[in-house]
Amino acid sequence: MSMPFYVSPEQLMKDRADFARKGIARGRSVVVLAHDDGIAFATENPSRALHKISEIYDRIAFAAVGKYNEFENLRVAGVRYADLRGYSYDRADVTARGLANAYAQTLGTVFTTESKPLEVELVVAEVGASPAEDQVYRLSYDGSVADEHGFVVMGGQAEHLTARVRDGWSEGMGLAEALRLAVRTLGAVSADGTVVPAGEERDIPAAGLEVAVLDRRRPRRAFRRLQGEALAGLLAGDEN
Amino acid sequence: MTTAAEAAGRLPDAFLRPGSSSFVEFLADHAPDLLPGRRPTPGGAPGADLAPHATTIVALTFGGPGAPRGVVLAGDRRATMGHLIASREIEKVFPADEFSAVGIAGSAGIAVEMVRLFQLELEHYEKIEGSLLSLDGKANRLSTMIRGNLPLAMQGLAVVPLFAGYDLDRGTGRLFSFDVTGGRYEEHDHHSVGSGSVFARGALKKLWRPGLDAADAVAVAVEALYDAADDDSATGGPDTVRRIWPVVATVDVEGYQRVADDDLAVVVERIVADRRGGDAGGVRA
């Protein structure tokens with residue numbers, strides 16, 4: 001007679017969490033930074049078509065690290081959630097908080113009930129009328145939610161990079177300055193995945209970056225991608 | 001239908017299922033009762049006299065002559081219910097997305113909802129795919145949505161849109177008209193729909209010429225609406241007392257732009273001045 005073997009819940013959850021964390025740490029980081037006119041998102045991504053950062057709704061954007069097929073599925077679900085809600089109520093009733101809750105429940109359910117947790121980490125951000133009204137939620141593979149203020153770094157070497165951003169970030173910094181900080185931070189991870197000391201960061205060309213902003217000054221759809229010369233100009237130090 | 005998963009606040013499975021980039025198809029699958037054409041309506045009384053109707057829309061191209069640089073779309077502001085004026089300032093011309101506009105004649109409530117859904121459909125596609133639909137693609141989506149409304153159209157609640165946009169692939173402005181069964185027809189130079197359209201079309205034929213510039217095209221559109229209002233009781237003329245002007249929009253390579261009321265006031269005043277003093281029919285030399 002076979003004995004059903006026992007695994008403690010602690011062990012089970014720990015194994016799953018380790019598995020998910022390992023998957024997430026393999027990917028390149030995404031940096032999310034608040035600045036005076038909105039929220040900026042930056043990641044190293046040479047692809048023009050496969051995005052890690054995208055628009056969800058008028059004032060809401062999404063950024064993710066981890067397995068592409070898994071976060072892409074969540075992104076599409078988020079767009080459907082937002083559009084359906086906006087259509088059945090009103091555009092003003094679509095909030096980042098509601099979306100973050102739906103994502104948290106989904107991630108949490110998958111983490112506890114399915115054989116494999118989702119190897120993703122997400123940020124759902126909503127730009128408000130003033131910096132004080134901005135909302136940035138960070139969601140983990142297990143469904144935990146954190147309400148972040150100022151900046152978030154997700155993905156490989158996130159802890160080291162967060163420390164760097166903390167040193168460089170200040171309330172009310174401009175877009176160009178925030179982007180330079182983000183790119184410098186991303187460049188701190190060398191090609192083999194190790195973190196290099198300050199001052200020895202790689203130079204990432206504008207073509208190798210995916211950058212987008214939620215610009216609070218825009219009338220309805222605040223999301224805007226920064227590419228090509230506009231991005232290169234900002235990184236080179238021309239103010240706007 | 002709410003499943004246990006939904007009650008717990010997680011995203012329903014339908015949201016996470018890979019599939020179409022169309023919001024309308026997603027809605028048809030997940031919440032069909034939210035689609036304008038799917039709502040059960042009691043049979044019997046024809047809806048035509050019970051619900052407000054929007055009337056005349058005109059559209060014309062400008063620039064060219066080979067490839068029009070853009071399009072002008074304009075609509076009067078009157079909605080009628082039977083013999084009464086239901087609204088003096090209804091809007092019948094809307095941006096569909098950055099590079100296209102839609103004007104609606106027919107049953108106002110359903111038309112406005114259809115426009116809302118159409119705008120969302122284009123935006124949804126853009127967000128999911130990361131690129132814009134082609135202009136033909138947009139016109140075809142609208143055609144499908146009108147076809148979905150056919151049961152209501154048979155009860156007198158028809159919606160007849162006019163779609164105008166700038167085709168980024170071809171670098172030209174284009175016009176499309178539709179019938180209640182969803183038939184899609186590309187129009188050249190100019191077109192008009194709604195009860196006043198027979199009169200507006202006459203004016204357009206006489207006033208439109210190849211190579212009009214944008215400002216002249218706006219004036220032609222306003223004049224065509226003026227003529228429609230002159231002879232059709234369901235079309236409202238410019239209301240100089242309340243200062244309510246038609247909704248006029250241009251779409252070109254710069255995108256959708258609504259013409260400001262102050263600019264329209266000048267155009268309207270000129271047309272009215274031209275017709276004062278025995279020339280009420282707008283006689284041209």
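The values are calculated or read from the model by the stated rules, or taken from the named source; none is laboratory data. Note that this is a predicted model, so its numbers are computed, not measured. Cβ coordinates were reconstructed from backbone atoms using ideal geometry, including for glycine residues, and neighbour counts include every protein chain displayed. Heavy atoms of the whole protein, side chains included, go into the accessibility calculation; ligands, DNA and RNA do not. Shrake-Rupley method; radii C 1.70, N 1.55, O 1.52, S 1.80 Å.
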Residue that is modelled with the highest pLDDT [pool: residues in the range B:57-106 that are in a loop (DSSP other than H, G, I, E, B) and at positive phi]: B:63
Of all residues in the range A:71-87 being aromatic (Phe, Trp, Tyr) and closer than 12 Å to residue A:103 by Cβ, which is nearest to the other protein chains (Cβ to nearest Cβ)? A:81
Hey, among the residues in the range A:151-176 that are free of Cβ contacts under 8 Å to residues at least 24 places away in the same chain and under 17 Å from the mean Cα position of the chain (by Cα), which one's most open to solvent (accessible area, probe 1.4 Å)? A:159
Within the range A:77-84, identify whether any single residue is open to solvent by 20 Å² or more (accessible area, probe 1.4 Å) and more than 14 Å from the chain's Cα centre (by Cα), and answer yes or no. yes
Selected residue [hydroxyl-bearing (Ser, Thr, Tyr) and open to solvent by less than 30 Å² (accessible area, probe 1.4 Å)] from B:240, B:250: B:250
Residues within the range A:197-240 that are open to solvent by 30 Å² or more (accessible area, probe 1.4 Å) and assigned to a loop (DSSP other than H, G, I, E, B), tallied: 19
Lone unmet requirement of (1) in contact with a helix residue (DSSP H, G or I) (Cβ under 9 Å, 6 or more places away or on another chain); (2) without any contact (Cβ under 8 Å) to a residue 40 or more places away in the chain for residue B:260: (1)
Answer with yes or no whether residue A:106 is among the β-branched types (Val, Ile, Thr), part of a helix (DSSP H, G or I) and crowded, with 23+ Cβ neighbours inside 10 Å. yes
Can you tell me which residues in the range B:106-139 are under 15 Å from the mean Cα position of the chain (by Cα) and open to solvent by 20 Å² or more (accessible area, probe 1.4 Å)? B:109, B:110, B:112, B:113, B:116, B:119
Of all residues in the range B:134-167, count the ones that are assigned to a loop (DSSP other than H, G, I, E, B) and either polar (S, T, N, Q) or at pLDDT 95 or above (or both). 3
If a residue must be open to solvent by 10 Å² or more (accessible area, probe 1.4 Å) and within 14 Å of chain B (Cβ to nearest Cβ), how many such residues does the range A:36-65 contain? 10
Please work out which residue is farthest from residue B:100 (Cα to Cα), limiting yourself to the range B:149-165 and to residues that are of a type outside the set (A, V, I, L, M) and open to solvent by 30 Å² or more (accessible area, probe 1.4 Å). B:155
Pick from B:165, B:173, B:137: which is among the small types (Gly, Ala, Ser), touching a strand residue (DSSP E or B) at 6+ places or on another chain (Cβ under 9 Å) and closer than 21 Å to residue B:22 by Cβ? B:165
Out of the range B:72-95, which residues are among the hydrophobic types (A, V, I, L, M, F, W, C), in contact with a helix residue (DSSP H, G or I) (Cβ under 6 Å, 6 or more places away or on another chain) and open to solvent by less than 30 Å² (accessible area, probe 1.4 Å)? B:72, B:74, B:79
Inspect all residues belonging to the range A:88-102 and state whether any of them is within 11 Å of chain B (Cβ to nearest Cβ), closer than 20 Å to residue A:223 by Cα, in contact with a helix residue (DSSP H, G or I) (Cβ under 9 Å, 6 or more places away or on another chain) and open to solvent by less than 20 Å² (accessible area, probe 1.4 Å). yes
The condition from (1) crowded, with 21+ Cβ neighbours inside 10 Å; (2) in a helix (DSSP H, G or I) that residue A:33 misses is numbered (2)
Quick one: residue A:142 ticks every box in (1) surrounded by fewer than 18 Cβ atoms within 10 Å (Cβ to Cβ); (2) in contact with a Gly (Cβ under 8 Å, 6 or more places away or on another chain); (3) acidic (Asp, Glu) bar one, so which box is it? (1)
